[in-house]
Amino acid sequence: MRKKGHSFLAWSLVTLAAALVCGGVWLWRCVDNRVQPLLKPVNPAYAGYDSMPAAVQGLALRPFTFTGWDNAPIQAVEVWKEGEESSRQLTVMGELANHPADALGHIDYALVCVDWDHGILSALPLAESLTAAGLHCVLWNPRGRDDCREYCTHGLREAADVPALIDALEEHSGKEHAVVVAVGQGFGANLLLRAAAHEPRIRGLVSIDAFASLSQSVGRLIDGKLSKIVLRQLMDMRINSITGMESFDVAPVQSASEINRNVPVLVVNLVQGSPVSNIDDATAIYRRLRSDVRELWATRNEEDDADDDERKVELLEGPSGREQVSIETIRLLNDDEAGIVGVIHWLNDAVVPAVVAPPPMDLPRPVPAADSQL
């Protein structure tokens with residue numbers, strides 16, 4: 001009987017161990033299935049397309065390649081308005097007819113970034129609109145030429161490409177101190193917030209639908225308190241094992257606090273109700289800015305009256321422990337189209353005066369190494 005009892009106990013332990021191993025493998029696969037889309041955020045809308053278009057109506061294209069922070073070749077292109085205008089350009093030009101943006105000639109380049117994957121194609125619609133106002137835009141593929149970078153770090157490392165990109169533009173144009181503004185959306189906004197904190201040649205920034213931190217956005221995608229705690233830890237372990245970073249390392253809200261006060265910043269929330277980025281993220285980024293010129297815009301929601309042009313919100317301002325409540329204004333937009341025309345006017349009316357002002361005295365720190373936070 002003792003022998004049978006020992007055999008049963010041994011069998012039970014083996015079965016339990018096997019179940020634990022199988023459960024662990026299953027859980028790790030579940031974690032990996034959640035992590036992979038975060039580290040490879042591929043836009044299905046551009047599946048099967050080449051990274052560089054052969055031609056675009058209304059635009060002249062000058063493709064070039066520069067070397068990124070990790071020595072990867074990065075595909076880029078300069079674009080400006082030329083030839084028969086596209087329908088998007090005509091719409092913007094019509095909106096600008098009665099209120100021109102005549103001062104934009106002071107800006108040499110507008111960096112435009114949207115997606116990690118197919119960075120040039122995804123940024124073209126935004127660039128089309130900006131070129132309609134006369135801006136000379138620059139687009140690039142943060143994933144690298146021929147997709148040579150396997151994983152996305154949501155701007156943590158990709159932002160270190162921006163100084164090399166501007167160097168390449170200055171070398172081509174012969175301008176030693178090119179005046180650069182930056183317009184980013186989603187991933188591109190996260191990247192450019194970090195770049196603007198360390199690159200003094202970025203003289204104005206438009207951040208559209210950035211998240212406050214990757215960790216916070218990941219947490220919103222997980223249901224249940226226990227699941228949130230356990231999965232967050234396991235996902236960070238998996239992210240770290242693949243890229244060497246953790247979700248806590250990616251914090252555009254922290255980058256916002258490091259941008260010099262002489263750099264005008266416009267924070268825009270267009271996407272309503274997204275768990276990845278929403279008005280709370282936009283507000284958090286806006287609150288941390290030190291910029292003398294800063295604005296917060298958002299598309300109108302169901303709680304806003306149709307006649308309202310702005311929304312008042314209470315924000316905590318100041319250092320931790322000594323915060324004070326301030327009343328801030330959110331400008332309300334009817335749609336994305338109104339937003340882009342507003343962005344053009346904001347660059348003209350808010351950034352250009354800062355560009356033509358005397359050079360700032362409090363220049364930012366040198367650009368850190370791409371892995372300085374890892």
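The values are calculated or read from the model by the stated rules, or taken from the named source; none is laboratory data. The shown structure was predicted, so the numbers you read here are calculated from the model rather than taken from an experiment. Virtual Cβ from ideal backbone geometry, glycine too; neighbours counted across all protein chains shown. Accessible surface is based on the protein model in full, side chains and every heavy atom, while ligands, DNA and RNA are left aside. Shrake-Rupley method; radii C 1.70, N 1.55, O 1.52, S 1.80 Å.
Out of all the residues in region 45-59, is one or more under 20 Å from the mean Cα position of the chain (by Cα), closer than 30 Å to SER215 by Cβ, modelled with pLDDT under 95 and outside any loop (DSSP other than H, G, I, E, B)? The answer is yes, given that some residue of region 45-59 is under 20 Å from the mean Cα position of the chain (by Cα), closer than 30 Å to SER215 by Cβ, modelled with pLDDT under 95 and outside any loop (DSSP other than H, G, I, E, B).
Filter region 259-315 down to residues that are among the hydroxyl-bearing types (Ser, Thr, Tyr) and touching a strand residue (DSSP E or B) at 6+ places or on another chain (Cβ under 6 Å) and give me whichever is nearest to HIS154 (Cα to Cα).
Of region 259-315, the ones among the hydroxyl-bearing types (Ser, Thr, Tyr) are 274, 277, 283, 286, 291, 299.
From what's left, touching a strand residue (DSSP E or B) at 6+ places or on another chain (Cβ under 6 Å): 286, 291, 299.
On the way: TYR286: 19, SER291: 23, THR299: 24 Å.
If we take residues in region 259-315 being among the hydroxyl-bearing types (Ser, Thr, Tyr) and touching a strand residue (DSSP E or B) at 6+ places or on another chain (Cβ under 6 Å), then TYR286 is nearest to HIS154 (Cα to Cα).
For region 236-259, the candidate set comprises residues that are part of a loop (DSSP other than H, G, I, E, B) and open to solvent by less than 20 Å² (accessible area, probe 1.4 Å); within that set, the residue that is farthest from LYS40 (Cα to Cα) is ILE259. Counting only strands (runs of 3 or more DSSP E) that sit completely within region 63-146, those holding 3 or more residues that are open to solvent by 10 Å² or more (accessible area, probe 1.4 Å) and either in contact with a Lys or Arg (Cβ under 6 Å, 6 or more places away or on another chain) or charged (D, E, K, R) (or both) correspond to 73-81. Could you tell me whether VAL230 is out of contact with any Asp or Glu (no Cβ under 8 Å at 6 or more places or on another chain), at pLDDT 85 or above and open to solvent by less than 70 Å² (accessible area, probe 1.4 Å)? So VAL230 does not fit the description; no.
Sub-9 Å Cβ pairs linking a first residue in region 273-288 that is in a loop (DSSP other than H, G, I, E, B) to a second residue that is β-branched (Val, Ile, Thr) and open to solvent by 30 Å² or more (accessible area, probe 1.4 Å), at least 6 apart or interchain, are SER277/VAL271; ASN278/VAL271, ordered by first then second residue. Scan region 130-146 for residues that are charged (D, E, K, R) and farther than 24 Å from VAL218 by Cβ and the total you get is 2. Just to be sure I understand the filter: pairs with C-beta atoms under 6 Å, separated by 6 or more residues or on different chains, first member in region 294-305 and under 12 Å from ILE208 (Cα atoms) and touching a residue at least 12 places away in the same chain (Cβ under 8 Å), second member open to solvent by less than 60 Å² (accessible area, probe 1.4 Å) and assigned to a loop (DSSP other than H, G, I, E, B). Which pairs pass? Here the result reads THR299/LEU270, each pair linking region 294-305 to a residue that is open to solvent by less than 60 Å² (accessible area, probe 1.4 Å) and assigned to a loop (DSSP other than H, G, I, E, B).
Applying the condition of being open to solvent by less than 80 Å² (accessible area, probe 1.4 Å) and hydrophobic (A, V, I, L, M, F, W, C) to region 22-44 and asking which residue is modelled with the lowest pLDDT yields VAL25.
The listed residues are VAL268, VAL263, and the only one of them that is farther than 30 Å from VAL31 by Cβ, in a loop (DSSP other than H, G, I, E, B), in contact with a Gly (Cβ under 9 Å, 6 or more places away or on another chain) and open to solvent by less than 40 Å² (accessible area, probe 1.4 Å) turns out to be VAL263.
Given the residues ALA132, ALA110, ALA127, ALA123, which is the only one that is at pLDDT 95 or above and more than 29 Å from ALA160 (Cβ to Cβ)? None of the others qualify; the one that does is ALA132. GLU317 satisfies every condition listed in (1) of a type in the set (Asp, Glu); (2) open to solvent by 80 Å² or more (accessible area, probe 1.4 Å); (3) modelled with pLDDT under 75 except (2).
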